[in-house]
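Enquirer: Starting off with a structure, shown below.
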Amino acid sequence: MSLRVLLLARPGPAAYILDQDLPETPFMPMQAQEIEDLIRESFPDAKITITDLAGDGNHYSAEVIDASFEGMNRVQQHRAVTKALKGKMDGSHGELHALALTTKAP
């Protein structure tokens, strides 16, 4: 069951209603340790540093240094880390809103 919310918007003299579906479960930001744990599953020997950029649990940076990145370009490295996050950044309702990635081989 999803929650339906009607929002009244008044950009000018006429008012209109926006009908919006909201997810069943409330948004819960991810913790830095959860992000590190997911990345660590795919890169067990990596040096991983997670930083909460805004202090809100929604905007993080991650630095991942791992030997498996040797020979990969930056796009391939970032795709590998994104895959390790197992869909947590997918779509508008993903648990992880923003992640700035820095990846490199040692």
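We did not get these values from a lab; they are worked out from the coordinates using the rules stated. Predicted, not measured: the structure shown is a model, and the values here were computed from it. Glycine gets a Cβ as well: all are built from the backbone with ideal geometry, and neighbour counts include every protein chain shown.
Enquirer: Any chance the stretch 66-76 includes a residue that's surrounded by fewer than 17 Cβ atoms within 10 Å (Cβ to Cβ) and within 14 Å of LEU99 (Cα to Cα)?
Expert: Scanning the stretch 66-76 turns up no residue that is surrounded by fewer than 17 Cβ atoms within 10 Å (Cβ to Cβ) and within 14 Å of LEU99 (Cα to Cα).
Enquirer: Which one is farthest from the chain's Cα centre (by Cα), of the residues in the stretch 29-40 that are within 12 Å of LYS88 (Cβ to Cβ) and not in a loop (DSSP other than H, G, I, E, B)?
Expert: ASP37
Enquirer: Continuing with the same structure: Consider the stretch 77-87. How many of its residues are assigned to a loop (DSSP other than H, G, I, E, B) and surrounded by fewer than 16 Cβ atoms within 10 Å (Cβ to Cβ)?
Expert: Of the residues in that region, 2 qualify.
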